[in-house]
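The values are calculated or read from the model by the stated rules, or taken from the named source; none is laboratory data. This is a predicted model, so every value here is computed, not measured. So basically every Cβ, Gly included, is an ideal-geometry build from the backbone, and we count neighbours across all protein chains shown. When the accessible area is computed, the model is the full protein with side chains, heavy atoms only, and any ligands, DNA or RNA have been set aside. Shrake-Rupley method; radii C 1.70, N 1.55, O 1.52, S 1.80 Å.
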Amino acid sequence: MTQPPYDEPEYPESELPEPEYWPPAPPREPREPDPLAVAVGNVSLLGAGYLILGRRGLFWGAAAVTGALVWLTVSKAETWCELLLLLWWAVVVAHGLRLARRNPAAGPRRGQRVLALALALPVLATAGWLRFDAYGIEDAVTEAREDGDCVAVVAAQDRVGPGHRLAAAPVAARGDTEVETCERLDTAAGYLSGGLTGDLEMLEAGFGRLGTVLDEPGNEQTVGTTLNRFLGQLPTDDGCRTIRIADWLRDRESGPKSLDGPSSATAARIAPEALMECADTLMTDEEWADARDRYRRLLDEHPGDDRAEAARKGVRKAGLAIELDHVRELVTAADGMNSGYCREPAKYSQAPAYRKGTNRVLFVGDSEYTDKLPDGWHASDAAKAALVVCVDSAGVGNTVETCQCRDDDQRIRSVTFHKVEVRVKAYALRTGKLVTDRKLQISGTSCPYLISYYGSPPSQRSVTPSDANVRDAFESVVKR
């Protein structure tokens, strides 16, 4: 079946409908870079110039290299790292400028220049200020170090922040080195303080650390301050400890003159007073020999010192104390004529003189009869005795008489009676010289009506002395 033809409506030409479609968008015009703006943008090291060029790949690549170089500079803190970063800065600036000039549409663009300057100027100004401030801090650190003031060194370096370490890493690192040096000096000062207790090993360690720091140039003042602070704490409150330290300072192995000079001078300054104080302390503690050695050292090493006369008196006093101690030891050890003082007599120079009249006596040896002597004859101590009298055991003396005595069995026996014989040696304690060596004959009663005995009947007996008999016998020894 044939479809009837379609008749299109007819319109006047003026009433024809518009075609229903959108015209295509015009093509995007290429970015037109300003070479100066690109270069300035890259001056900031932020890669802004590459963004102006529309080169995002270069932007990210440059950012990565810049970050790596900044990290290297901060971590190494070496000048060559800064030079490498500066070279990279020049490369990206030149590279951006070259890429921009190759663009045929390159030309001045005010907006791009404003944007580039807005990014570059704050970066450059901040970096410049941080570097300027870092050098100012370094000057402050240097000045404090030259003044020997480690506290000021640390205070100045504390002003260094992260920005300074980004913009001026080597400068900041030099300050860190000075702080580290001060910390080493603090450690040395700690050892030196320990040495003030008399620990010479700590003293050695402290001086060793001072010498190590002194070997590094520029540390003379800070080392000197640390040393002077230690020396200023001398003398200590213990004279003997002070002498020990002073002797070490004087006798230590040769080191740097800047350490040995002040140390030796301080040792010479404190030694006389310390020797005197130590000797007096030892005297109080009854360490006579050591005290005398200190007094003698003062006289030998510092003869012109104001304390010389007092030291001479100290030597004499200590010497007397040594003599007295020695005599007391010998007296205590004497239990017979062949021991202790009786075998090895010694003097006590300050003992009372052995003179005419009754002398006080220190009796040693057998005390059977000396205990019966008057109390006024006995010296209570060696320091008060004029004589030391050694008394031997009693023996048989001269014959007195022979008697007929009745024993316990009522038998009559003939018994001969003898005086009691006692050998004595008397020494003048002031000189230790023998003044008497004799056998005393002690009288007593004899011929009793009744005698008692054990075992065989005796044919000889000693008399029975009374206290008066004993006193009479010993009087010739005690009295001169």
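At pLDDT 95 or above and open to solvent by 40 Å² or more (accessible area, probe 1.4 Å): does that describe GLU277?
Taking the combined requirement at face value, the residue satisfies it.
Which numbered condition in (1) under 30 Å from ASP285 (Cα atoms); (2) assigned to a helix (DSSP H, G or I); (3) open to solvent by less than 30 Å² (accessible area, probe 1.4 Å); (4) in contact with a Ser or Thr (Cβ under 7 Å, 6 or more places away or on another chain) is the only one that ARG250 fails?
(3)
Return the pair list, or none, for Cβ contacts closer than 8 Å from residues in segment 275-291 that are of a type in the set (Ser, Thr, Tyr) to residues that are open to solvent by 70 Å² or more (accessible area, probe 1.4 Å) and not in a helix (DSSP H, G or I), at least 6 apart or on different chains.
Close Cβ pairs (under 8 Å, with a partner that is open to solvent by 70 Å² or more (accessible area, probe 1.4 Å) and not in a helix (DSSP H, G or I)) do not exist here.
Can you tell me which residues in segment 341-360 are under 30 Å from TYR295 (Cα atoms) and either touching a Gly at 6+ places or on another chain (Cβ under 7 Å) or crowded, with 18+ Cβ neighbours inside 10 Å (or both)?
Of everything in segment 341-360, those that are under 30 Å from TYR295 (Cα atoms) and either touching a Gly at 6+ places or on another chain (Cβ under 7 Å) or crowded, with 18+ Cβ neighbours inside 10 Å (or both) turn out to be TYR341, PRO345, ALA346, LYS347, TYR348, ALA351.
Among the helices (runs of 4 or more DSSP H) confined wholly to segment 143-225, which include 1 or more residues that are open to solvent by less than 50 Å² (accessible area, probe 1.4 Å), touching a residue at least 24 places away in the same chain (Cβ under 8 Å) and closer than 16 Å to ARG131 by Cα?
Once the helices (runs of 4 or more DSSP H) in segment 143-225 are filtered for at least 1 residues that are open to solvent by less than 50 Å² (accessible area, probe 1.4 Å), touching a residue at least 24 places away in the same chain (Cβ under 8 Å) and closer than 16 Å to ARG131 by Cα, what remains is 162-167, 169-195.
Would you check if THR73 is closer than 30 Å to ALA173 by Cα, open to solvent by 60 Å² or more (accessible area, probe 1.4 Å) and modelled with pLDDT under 80?
It is false that THR73 is closer than 30 Å to ALA173 by Cα, open to solvent by 60 Å² or more (accessible area, probe 1.4 Å) and modelled with pLDDT under 80.
Within segment 333-360, count every residue that is in a loop (DSSP other than H, G, I, E, B) and without any contact (Cβ under 8 Å) to a residue 24 or more places away in the chain.
Residues meeting the conditions: 3.
Here's a check for you: in segment 275-292, which residue that is more than 25 Å from the chain's Cα centre (by Cα), in a helix (DSSP H, G or I) and of a type outside the set (Phe, Trp, Tyr) is farthest from GLY239 (Cα to Cα)?
ALA289
Specify the residue that is farthest from LEU298 (Cα to Cα); the eligible residues are those in segment 226-247 that are of a type in the set (S, T, N, Q) and not in a helix (DSSP H, G or I).
GLN233
Of all the strands (runs of 3 or more DSSP E) wholly in segment 361-480, which have at least 1 residues that are open to solvent by less than 40 Å² (accessible area, probe 1.4 Å) and without any contact (Cβ under 8 Å) to a residue 60 or more places away in the chain?
361-365, 387-391, 395-406, 412-428, 433-442
Enumerate the pairs (first residue in segment 82-102 and more than 13 Å from THR66 (Cα to Cα); second residue anywhere and modelled with pLDDT of 80 or more and not in a helix (DSSP H, G or I)) with beta-carbon separation below 8 Å, excluding pairs fewer than 6 apart on the same chain, so at least 6 apart or on different chains.
LEU99/ARG55
Does at least one position in segment 308-330 carry a residue that is over 16 Å from ALA382 (Cα atoms), open to solvent by 20 Å² or more (accessible area, probe 1.4 Å), free of Cβ contacts under 8 Å to residues at least 60 places away in the same chain and outside any helix (DSSP H, G or I)?
Scanning segment 308-330, I find no residue that is over 16 Å from ALA382 (Cα atoms), open to solvent by 20 Å² or more (accessible area, probe 1.4 Å), free of Cβ contacts under 8 Å to residues at least 60 places away in the same chain and outside any helix (DSSP H, G or I), so the answer is no.
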